[in-house]
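Structure first, commentary second.
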Amino acid sequence: MKGLAARRRRPLATVVLLLMALVVTGAAYAVAAPTFANASTTAAGDVQRGRDLFVASCASCHGAQATGTRAAPSLVGVGAAAVDFQVSTGRMPLANTAPQAPRKPTEFTQQDVADLSAYVASLGPGPAIPEDQYLNLKTDDESLAKGAELFRVNCAMCHNVVGAGGALTRGKYAPPLEGVTPKQMYEAMVTGPQSMPVFNDANLSPTDKQDVISYLKYLEEQPSPGGFSLGSLGPVSEALFAWAFGIVVLIGAAVWLTAKSS
Amino acid sequence: MSQTTTPNTAAGGVADFLDTRLGASKAVRGLSRKLFPDHWSFMLGEIALYSFIVLLLSGTFLTLFFVPSMGMTTYEGAYAPLNNVPMSEAYASTLRLSFDIRGGLLMRQVHHWAALLFIASMTVHMFRVFFTGAFRKPRELNWMIGSVLALLGLGAGFSGYSLPDDLLSGNGLRIIDGVIKSIPVVGTYLSFFLFDGEFPGESIIPRLYIVHVLLIPGLILALVGAHLGLVFWQKHTQYPGPGRTNQNVVGFPLLPVYAAKAGGFFFVVFGIMALFGSFVSINSVWNYGPYDPSPISAGTQPDWYILFIDGALRLMPGWEWTVAGFTISFNILIPGLILPGLMTGILIAWPFLESWASGDRREHHVLDRPRNVPVRTAAGVAAIVFYTVLALAATNDLLATHLGLSINDITWTLRFTAILGPPIAFWITKRICLGLQRHDRELALHGRETGRIVRTADGEYFEVHEPLNEYDRWLLVQHDARRPIELPPDVDENGVARPGARKDRIRQKLSRWFYEDRIEPLTPSELAASHAEHEHALEAGEGEERPVVTTGR
Ligand code: HEM
C-alpha cells in the first residue's frame, strides 16, 4: 500500500522538481550572464599604427585605402565613432556572412581601437568619438522622464520599450541593449549602424542622447519592481509562464487532491 | 432535528429556527448526499471557478484606487522616469497602484495572473468536456453556456487589458478600432459610436470600465450560477467503469469528503496565484509609458487568449478590394472578424452537429474514452493545432529574434502550417485512436502478454497471454457501436422525390465522415468465443488472429 501511495504522489513531485530545476537554471543564468566591461576612457589614437592594423585586419574587405570594395563599403567619412562602435562591439572585422554583423567579444585592445579610429577619421570628416561629458549618467527624474519618452518615440519600435530587442525583416534584428556601454550607445545613435537610422544632433541633441542613455542604464540597474521580469518580453512570456507553470501546477494539485488515499 | 426536542446550544437553536421555517435540514441532507465523481479532470472547472473568485476579490481592491478617466493629470510618485509626466487619470492611478499604494502592485499582479489562469483553466476544462463527449444530450445547453462563458472571459480580459491606458493597451484598442472599421458600410459609424468620436477619444476608458467591472462580471456570475445549477440538476457525468451506468453516479458524497477537498483546493488555487503575483512580474505598465498614438513598441502582443486573432492578422496576405469606390479590407475583415466568428460558431454548434451526424437521441451520462470516438477526437486536436499555430504567428517577431530566424520565413512557414497542419493532425490522431482501439480489442480478446514463452510437445513456441480480470475488461468492451446512419433512398418506389432528401444527403455524408472508419466493439458472443478459443490455444499452441476491422474504403 505504501508503495502504491508513493507512486501516486510521484507526478506532483516531478512537477515540483521541474519547477525547481527551472528556477535554479534561471537564477544561475542571471548570475553568470555575460557582462561587458565599461570602456569609456578614450586613449589618443596613433594614425600610423592604425593604418598598419587596418591593412592587416580590414583591408581585405574595405580595400587598402579604405575606399571600399565589392565586399564592403568605403569608410571615408564614416568617422571615428563608426569605427569605435563597430570594432569595440566586436562587429568588425566581419566574421562570416549573416543577415547582420552580430555583436561579439572584440579581439582588439582599447589602444588598437583608438588607433584604428584615428586612422579612419584621418581619411575624411565624420562623427567623432563622443565627449565624456555626454556619457555621464543623469539620475534626476526630469532627465529620466525625458529619456524614457524620447526612447519610446524614436527607438522602441525596433528595440522594444525596455530595449529587450526586436525583429526586423529577413533575419535582421534590433539587438537587446542590455550591457551596451554608454559610449557605444551614443555612437550607435550618431552613426546608425546598418538598418538603424542616424540620429544626428539636429534630431536628438547631445543632451537628449545623454537622457536616452541615462534611462536605458537606469532600467538596467533598477531591480524589476514586480519580481521576476521574464525577460521583459511582455504578454508572450507571461502566456508561456501561465501555461507552462500555472496550468501545470494547478492540474498537478488537482491530480494530487483526487488521488485516493490508501 | 425534530420539533419536539429543544436544542440546548446556540448553533442548534439557529439550526432549529431555520429548519422549522424553511425545512433546511431536508435541503442539507439532500445536498450532502449529492455525489461527485472523483477524478482530477472534474476539478478543472473548479480551477476556473476559484480563479474567478480570486478575480472578484483582487478586482474589488483595484476599484478602490483605479480612476477610470481619460482626463489629463500628471503622475507624482515614486517611479522616477514617469514622475511629473502628463498622462491620463487612468494611467496615473495604475502607476499609483503599482508604486505608491501598499499592496497595490501585488493585487494588480494577482488580478492579472488570475485572469490568464481563469481563461486557461476554462480552456482546459472545455477540452475535457469535449474529448470525453460530456456535451452530449442532455448537456448541450450547458456546453453552450460554457462557450458563452469562455467568450465573456475573453471580453473581460480584453477590457481589463485596455484599462490602464498605457502604450500596450492603447495599441490593443487601436487594433480593435481597425477591425471594427473594416466592417463594410457601418464600420466607421460603429467605431465612432464606440469611441464617442475619432479614436482614441475621451470616453473609451470609462465605458470599458463599466463593461469590465459590472456588465461582464455580472453576466459571468449569472451564467456560472446557471452552469453549476445545471451540473447539480443533471448530475455529473462519470468515466466508464464497472458498476457505472447511465442510471447512477459513483463518487464521494458532497459532505464531508468532497466539500473538504474542494474547500482545500480553493486555497491551493488562491495560494498559487498569490505566489505568482508576489514573485513574477506581469504587465509592467510603467515600462510602456502613457498612451500616445504615435509610438509603438517592438514585441507588442495581446494576452495569450487573444494571440490567435493577432496571429491571424499577421498571417493574412494584404488583400484589399475596391468596390464602387469603397475599400473592403479583407486583410482585416477575414482574420479579425469572420474567422473568430466562424470558430465560435462551430464551437457552440458542435453538440448539435455531432448528434445530427450520429442520429443518436439518447441521453448519455457515461463518458466516452476519446479513442472510441476517433473523428471527434481528431477534430478536436486539429482545432487545437489550428488555434496554436495562429497564436504562434502572433509571436513571429519573438520567434525570429530568439531562434535566429527570418521573420519572413516564419510567416510563410506558419501560413502553410495553418492550412496543412490541422488536416495532418486530424489524420494522425484518427489513426492513433483506431490503433488504440484495435489494441484494446486484442487485449480484451486475448489478455495481456506475459513474456512467458512456452514450448509445446511438438516443438512449437507460443507466448502465454494472461486474460484480463473482468473489471479491466469491462472498460475495454463497454462502449456502443457507432455506425453511420442509413437514410431512406432519395426517391420512393413510385419515383417521387422524398422531401428533405437534399439535406439528408449532406447529413449522410457528414455521418459517413464521422463513423465510417471504425473498429467494431466486441460483442458478448465474440468474447465468449474467444474464451473458448483461448483455452484451446493454450492447449494446442495456436497463433492469434487479427481482429475484425471494418473500414469504409
Ligand atoms: C471576469 C473576470 C476578469 C478578468 C478576466 C479580468 C482581467 C483584467 C485584466 C487583464 C486587467 C489588466 C490589469 C493590469 O494588468 O493591471 C484588469 C484590470 C482591472 N480589473 Fe479586472 N478582470 C476580471 C474581473 C474584474 C472584476 C470582477 C473587477 C472588479 C470588481 C475588476 C476590476 C479591475 C480593475 C479596477 C482594473 C484596472 C486596474 C489596473 O489596471 O491596475 N476586474 N482586469
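Before we move on, is residue A:51 in contact (Cβ under 8 Å) with a residue 40 or more places away in the chain, on the phi < 0 side of the Ramachandran plot and not aliphatic (A, V, I, L, M)? So residue A:51 fits the description; yes.
For every residue, the table says whether it meets (1) polar (S, T, N, Q); (2) more than 14 Å from the ligand (Cβ to nearest atom); (3) away from every other protein chain (no Cβ under 14 Å); (4) under 22 Å from the mean Cα position of the chain (by Cα).
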{"position": "B:203", "(1), (2), (3), (4)": "yes, yes, yes, no"}
{"position": "B:212", "(1), (2), (3), (4)": "no, no, yes, yes"}
{"position": "B:222", "(1), (2), (3), (4)": "no, no, yes, yes"}
{"position": "B:231", "(1), (2), (3), (4)": "no, yes, yes, yes"}
{"position": "B:236", "(1), (2), (3), (4)": "no, yes, no, yes"}
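Among the residues of the stretch B:92-124, those identified as more than 9 Å from the ligand (Cβ to nearest atom) and of a type in the set (Phe, Trp, Tyr) are B:99, B:113.
On inspection, residue B:101 qualifies as out of contact with any Pro (no Cβ under 9 Å at 6 or more places or on another chain), more than 10 Å from chain A (Cβ to nearest Cβ) and over 30 Å from residue B:39 (Cβ atoms).
Here is a check on your reading of the model: is residue B:157 crowded, with 22+ Cβ neighbours inside 10 Å, on the phi < 0 side of the Ramachandran plot and either not assigned by TED's automatic domain parsing to the domain that holds residue B:285 or not aliphatic (A, V, I, L, M) (or both)? Criteria met by residue B:157. Selection of the stretch A:70-112 for residues being assigned to a loop (DSSP other than H, G, I, E, B), β-branched (Val, Ile, Thr) and modelled with pLDDT of 85 or more yields A:76, A:78, A:89, A:106, A:109.
Checked against the criterion of being free of Cβ contacts under 8 Å to residues at least 60 places away in the same chain, assigned to a loop (DSSP other than H, G, I, E, B), on the phi < 0 side of the Ramachandran plot and not basic (Lys, Arg), the stretch B:132-141 contains not a single residue that satisfies it. Residue count for the stretch B:467-517, restricted to those that are within 27 Å of residue B:377 (Cα to Cα) and surrounded by 14 or more Cβ atoms within 10 Å (Cβ to Cβ): 25. Say we look at the stretch B:77-91 and pick out the residues that are among the aliphatic types (A, V, I, L, M) and within 12 Å of chain A (Cβ to nearest Cβ); which of these is farthest from the ligand (Cβ to nearest atom)? Only one residue fits best here, namely B:80.
With the structure loaded, tell me whether residue B:156 is near the ligand (Cβ under 9 Å from one of its atoms), part of a helix (DSSP H, G or I), in contact with a Phe, Trp or Tyr (Cβ under 9 Å, 6 or more places away or on another chain) and away from chain A (no Cβ under 14 Å) or whether it fails that test. Yes; evaluated as a whole, the condition is true for this residue. Test residue A:153 against the stated conditions and say whether it is part of a loop (DSSP other than H, G, I, E, B) and within 30 Å of residue B:409 (Cα to Cα). So residue A:153 fails the test. Restricted to the stretch B:288-328, and to residues there that are of a type in the set (D, E, K, R) and away from the ligand (no atom under 16 Å from the Cβ), the residue that is nearest to residue B:73 (Cα to Cα) is B:292. Picking from residues in the stretch B:173-191 that are of a type in the set (A, V, I, L, M) and away from chain A (no Cβ under 14 Å), the one that is nearest to the ligand (Cβ to nearest atom) is B:173. Residue A:162 satisfies every condition listed in (1) surrounded by 23 or more Cβ atoms within 10 Å (Cβ to Cβ); (2) more than 7 Å from chain B (Cβ to nearest Cβ); (3) not in a helix (DSSP H, G or I) except (2).
Meeting the requirement of 3 or more residues that are crowded, with 16+ Cβ neighbours inside 10 Å and within 14 Å of chain A (Cβ to nearest Cβ), the helices (runs of 4 or more DSSP H) wholly within the stretch B:279-396 are B:285-288, B:307-315, B:374-393. Of all residue pairs spaced 6 or more apart or on separate chains, those with beta-carbon atoms under 6 Å, a first member in the stretch B:31-59 that is more than 17 Å from residue B:224 (Cβ to Cβ) and a second member that is buried (at least 22 other Cβ atoms within 10 Å of the Cβ) and modelled with pLDDT under 95 are B:37/B:238; B:40/A:254.
Condition check ((1) surrounded by 19 or more Cβ atoms within 10 Å (Cβ to Cβ); (2) over 27 Å from residue A:205 (Cα atoms); (3) aliphatic (A, V, I, L, M)) across all residues:
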site	(1), (2), (3)
A:95	no, yes, yes
A:113	yes, no, yes
A:117	yes, no, no
A:129	yes, no, yes
A:134	no, no, no
A:143	yes, no, no
A:147	yes, no, no
A:158	yes, no, no
A:173	yes, no, no
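Do the conditions hold for residue B:405, that is, is it within 19 Å of residue A:100 (Cα to Cα), at the interface with chain A (Cβ under 9 Å from one of its Cβ atoms), among the hydrophobic types (A, V, I, L, M, F, W, C) and surrounded by 21 or more Cβ atoms within 10 Å (Cβ to Cβ)? No: the conditions fail for residue B:405. Just one of the listed residues (B:135, B:127) is away from the ligand (no atom under 15 Å from the Cβ), within 21 Å of the chain's Cα centre (by Cα) and within 14 Å of another protein chain (Cβ to nearest Cβ), and it is B:127. Where helices (runs of 4 or more DSSP H) fall entirely within the stretch A:196-262, those with at least 2 residues that are touching a helix residue (DSSP H, G or I) at 6+ places or on another chain (Cβ under 9 Å), more than 9 Å from chain B (Cβ to nearest Cβ) and within 29 Å of residue A:131 (Cα to Cα) are at A:206-221. Tallying residues that are in contact (Cβ under 8 Å) with a residue 40 or more places away in the chain and more than 7 Å from every other protein chain (Cβ to nearest Cβ) within the stretch B:268-278 yields 4. For the stretch A:142-191, taking the residues that are modelled with pLDDT under 90 and small (Gly, Ala, Ser), the one that is nearest to residue A:85 (Cα to Cα) is identified as A:179.
When residue A:115 is tested against (1) assigned by TED's automatic domain parsing to the domain that holds residue A:215; (2) farther than 30 Å from residue B:83 by Cα, just one condition goes unmet, and that condition is (1). When we screen B:170, B:146 for residues that are within 14 Å of another protein chain (Cβ to nearest Cβ) and within 16 Å of the ligand (Cβ to nearest atom), the only hit is B:170. Count of the stretch B:52-76 residues, restricted to those that are more than 14 Å from the ligand (Cβ to nearest atom) and either surrounded by 14 or more Cβ atoms within 10 Å (Cβ to Cβ) or charged (D, E, K, R) (or both), is 2.
Cβ contacts < 9 Å: first residue in contact (Cβ under 8 Å) with a residue 24 or more places away in the chain, restricted to the stretch B:441-455; second residue crowded, with 19+ Cβ neighbours inside 10 Å and in a strand (DSSP E or B), any location; separation 6+ or different chain. Result? What qualifies is B:446/B:465; B:447/B:465.
The values are calculated or read from the model by the stated rules, or taken from the named source; none is laboratory data. Given the structure is predicted, the values throughout are model-derived calculations rather than measurements. For neighbour counting, all protein chains shown are included, and Cβ atoms are generated from backbone atoms with ideal geometry for every residue, glycine included.
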